[in-house]
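A short write-up of the structure that comes next.
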Amino acid sequence: MKILVIGKGGREHALALAASQSTLCTELFAAPGNPGMAEIATLVPIDDNQMTELADFAASNDIDLTIVGPENALADGIVDEFAARGLKIFGPTKAAAQVEASKDFAKGLMKKHNIPTAGYQTFTDYDAACSYVKEHGAPIVIKENGLKAGKGVTVAMNEADALEALKIAFDIPGNSVVIEDYLEGFEFSLIALVNGENVYPLECAQDHKRVGDGDTGPNTGGMGSYSPVKKITPELVEETMETIMKPMAKALVEEGCPFTGFLYGGLMVTDKGPQVIEFNARFGDPEAEVILCRLESDFVKAILDVMENKEPELVWTNKTSHGVVLASEGYPAGATKGAAIEGVNEVDGLVYHMGTKMDEGRLLTNGGRVLMVVTLADKLEDAMANTYEEVKKVNCDKLFYRTDIGRKDLVDGEN
C-alpha cells in the first residue's frame, strides 16, 4: 500500500514511523513532513493546509490510505475534500472535528448527552465574562474557544489571574471564551480508534502540560509523557469508555456527524469519577510518541480494520516508554528559530522531530517544541533515567526541558 501522512510535527513523525513498520506499507509519503521523517518517508512539499493540492497528489500518485495528523487540517475539512473524490482517508469530517475546533460545541454536546464534564458558561462579551468570574470566584478555568494548539487555557487559582486571562483572550477580535468550574483530581489521556459507534481504546499516557518543573508556569502543548500509567487501571479505562468515550461517539452519530479517526479524551479523575476536560479530534502530541512506540501489532491494519467495522488487533509491549520534549527558548510565549542543533544522531533512543528544519546540511530549531527524546525500559524509573541521559547528548543552547517528567508518580508510588 502507498500511504500518505499529513503533517510535520512530532505526532506525525510518530504516525509515520508506525506506518512504516507495517507489513502492508510499500511506499510512504509525508506532506510536508520534517527532517526526521525524511529518513523513513518521501517528503512532499505541500503544506497541510493545502487541501486541494494534497488531494490532487493522493489521486495522481494512487495513494491507498491517508492518515491526518494536525487538527487545523481536520477543522478545515480535509477529510471532506478527500472523501468527495473517493480517496480513503482516516480522520473526522469538518463537522465531527468540531469536538476540538469549538469548545462550546463540545461542551454543549456533552451537556445534551449527559457526558460528565465540568459546569460551564460561554461568553462573547468581555464585561459579562469578568462579572461571571467575580461572582463565581476562583479557582476557575478560562478557555479560549477554537483551536489554540494545546494552549489558550488558563487554570486560574485566583481571581486576578482569571481576569488577566480574559483580557488577553478578548484582545483578539471576535474571540469567545468558555469558563469552566475547576476540577480537582489527576489527569490522564485516553485515545481511541473510532468509526461511528465503534470505539477501541489505545494504551493510556500521562502528559505534562505545564512548562516548568513541579507543574509550574503556563500550559503548553505538552512537555513530556510516559506510557503505561499504572494508576489508570483497566477498571478505570472501562468506566471511562462506558461513561465518556462511547457516549461521545454515539452522540456524534445521533447529531448527524459521525466520527472516524483518533478521538482523544483529556480526562480528570475526580471523587465523582472520570470527567472530560477536553476532546481532541486527533492523536495527542506528545502522547503519540510514547504510545505508538509500544504498539507491537500492525498499525495500518488496525486502522483499516476500524474503517471496515472490524475489531482491530492491538498488541502492546509490557515495556514503559518515557519521553521528554526539548522546547525552544521563550516557549510557550514564543520561539527561538534558527538555532543549530547537534548530537541528535548520537542519541540511543527514538528522536521525534517536532519543530526542526534543515538548512545547508545543518539541523535548526523551527518551532516552540523542537524535539522529543523517547526511550523504553522495563520500569518507568529506568526509562526515565535513560531518557534524561540521552537528552544530554542533544546540543543546542536555545533549548530547554523539564527535568521531572514522570517523577511525581514515582515519588507517590503510583508507577
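Can you grab the distance from the C-alpha centre of region 262-330 to the C-alpha centre of region 3-18, Å, no decimals?
So the separation of the two Cα centres works out to 14 Å.
Can you tell me the FRET efficiency between Glu135 and Ser60 if r is taken as the Cβ-Cβ distance and R0 is 41 Å, rounded to the nearest 0.05? Walk me through the numbers on the way to the answer.
Details: r = 58 Å, r/R0 = 1.42.
Plugging the Cβ-Cβ distance into 1/(1 + (r/R0)^6) gives 0.10.
Running a GNM on the chain with Cα contacts under 10 Å, which residue among Ile140, Ile179, Ile303 ends up with the highest mean-square fluctuation?
In the Gaussian network model the winner is Ile140.
Name the most mobile residue of Ser225, Ser22, Ser60, meaning the one with the largest mean-square fluctuation, in a Gaussian network model of the chain with Cα contacts below 10 Å.
Top of the fluctuation ranking is Ser60.
Per residue, what volume in Å³ does the Cα convex hull of region 268-337 take up?
Values: hull volume 13.5 nm³, N = 70.
It is 193 Å³ per residue.
In nm, give the distance between the simple-model label positions of Ser297 and Phe186, each being 7 Å from the Cα along the Cα-to-Cβ direction.
Using points 7 Å along Cα→Cβ, the separation is 2.7 nm.
May I ask you to derive the relative contact order of the chain, considering only C-alpha pairs under 8 Å and at least 6 residues apart, and to give it as an integer percent?
Values: 978 pairs, mean separation 66.2, N = 415.
Computed value for the chain: 16 percent relative contact order.
Could you put Asp285, Asp125, Asp64 in order, starting from the residue whose Cβ has the fewest other Cβ atoms within 10 Å?
Numbers: Asp285 31, Asp125 12, Asp64 18.
So the ranking, lowest neighbour count to highest, is Asp125, Asp64, Asp285.
Using Cα-Cα distances under 8 Å and only pairs 6 or more residues apart, what relative contact order does region 320-411 have, in percent? Kindly include the intermediate steps, with their values, before the conclusion.
On the way: 192 pairs, mean separation 37.6, N = 92.
It comes to 41 percent, rounded to a whole number.
Between Phe186 and residues 5 or more places away or on another chain, which pairs have amide H atoms under 5 Å apart, with H built 1.01 Å from N, and which residues are they?
Placed amide hydrogens put Val269 under 5 Å from Phe186.
For region 119-181, just the Cα set please: Rg and Dmax, both in angstrom.
Cα only, region 119-181: 10.2, 30 Å (Rg, Dmax).
Mind putting a number on the dipole of region 2-79 about its Cα centre? Charges go on the C-beta only, +1 for Lys and Arg and -1 for Asp and Glu, and I need it in Debye to the nearest 20.
Approximately 220 debye in magnitude.
Which whole-Hz couplings ³J(HN,Hα) result when phi for each residue of region 51-66 is put into the Karplus expression 6.51 cos²θ - 1.76 cosθ + 1.60, θ = phi - 60°, listed in order with x for Gly and Pro?
4, 5, 5, 5, 5, 4, 4, 4, 5, 6, 9, 6, 5, 8, 8, 10
Taking a cut-off of 39 Å, what percent of all Cα-Cα pairs in the chain are separated by more than that? Each step should come with its number before you reach the end.
Numbers: 11549 of 85905 pairs.
Percent of Cα pairs beyond 39 Å in the chain: 13.
Using only helices, what value at 222 nm comes out for the chain when you add -39,500 (n - 2.57) per DSSP H run of length 4 or more and divide by the total residues, to the nearest 500 deg cm²/dmol?
Values: 14 runs with 118 residues, N = 415.
Roughly -8000 deg cm²/dmol at 222 nm, from the helical runs in the chain.
What is the extension gain from Trp316 to Glu53, computed as 0.36 nm multiplied by their sequence separation minus the C-alpha to C-alpha distance, in nm to one decimal?
91.0 nm
Considering all alpha-carbon pairs of region 93-250, what whole percent are spaced by more than 28 angstrom?
On the way: 3064 of 12403 pairs.
Result: 25 percent of Cα pairs exceed 28 Å.
Modelling each spin label as a point 7 Å along the Cα-to-Cβ direction, I'd like the Glu242/Asp359 distance in nm, to one decimal.
5.6
With θ set to phi - 60°, apply the Karplus curve 6.51 cos²θ - 1.76 cosθ + 1.60 along region 270-286 and write out the HN-Hα couplings as whole Hz, x wherever there is a Gly or Pro.
So the J values, rounded to whole Hz, are 10, 5, 9, x, x, 9, 7, 8, 7, 10, 10, 9, 7, 5, x, 9, x.
From the phi angles alone, apply the Karplus equation (6.51, -1.76, 1.60; θ = phi - 60°) to region 386-403 and give each ³J(HN,Hα) in whole Hz, x where the residue is Gly or Pro.
Each residue of region 386-403 in turn: 4, 4, 5, 5, 6, 4, 5, 6, 7, 10, 6, 6, 10, 10, 9, 7, 6, 9 Hz.
Placing unit charges on C-beta atoms (Lys and Arg positive, Asp and Glu negative, everything else neutral), compute the dipole magnitude of the chain about its Cα centre in debye, rounded to 20.
On the way: 38 positive and 65 negative charges, 60 e Å.
Taking the Cα centre of the chain as origin, the dipole is about 280 debye.
Given Cβ point charges of +1 (Lys, Arg) and -1 (Asp, Glu) and nothing else, what value in debye, to the nearest 20, does the dipole of region 320-411 about its Cα centre take? Write out the running numbers ahead of the final one.
Working: 11 positive and 14 negative charges, 76 e Å.
Approximately 360 debye in magnitude.
So how do Phe90, Phe259, Phe186 line up by other beta-carbon neighbours within 10 Å, fewest first? Before the final figure, lay out the partial values.
Numbers: Phe90 21, Phe259 27, Phe186 16.
The fewest-first ordering by Cβ neighbours comes to Phe186, Phe90, Phe259.
Please grab the % of Cα pairs in region 311-415 that end up more than 15 Å from each other. Before the final figure, lay out each step's value.
On the way: 3503 of 5460 pairs.
Roughly 64 percent, rounded to a whole number.
How high is the relative contact order of region 253-389, in percent, with contacts defined as C-alpha pairs under 8 Å that are six or more residues apart? Could you put the intermediate results ahead of the total?
On the way: 221 pairs, mean separation 27.6, N = 137.
That works out to 20 percent.
Reported to two decimal places, what Rg/Rh ratio describes region 1-136 when computed on Cα atoms with Rh from the Kirkwood expression?
Ratio of gyration radius to Kirkwood radius for region 1-136: 1.13.
Once Lys and Arg get +1 and Asp and Glu get -1 on their Cβ, which of Val5, Pro32, Val44 lies farthest toward the positive end of the dipole of region 1-98?
With unit charges placed on the Cβ atoms, the residue in question is Val5.
Go ahead and set up a Gaussian network model of the chain, Cα springs under 10 Å, then flag whichever of Ala128, Ala281, Ala169 fluctuates most.
Ala128
Counting other Cβ atoms within 10 Å, keep those with at most 10, restrict to DSSP loop, and tell me which GluC sites (Glu not before Pro) in region 152-215 are left.
Values: sites: Glu159, Glu164, Glu180, Glu184, Glu187, Glu197, Glu203; in loops: Glu184, Glu197, Glu203.
Listed in order of number, the matching sites are Glu184.
Readers should treat all values here as calculations from the given coordinates under stated rules, not as data from a laboratory. Just so you know, these numbers come straight off a predicted model, no measurement behind them. All Cβ positions, glycine included, derive from the backbone under ideal geometry; neighbour counts span all protein chains shown.
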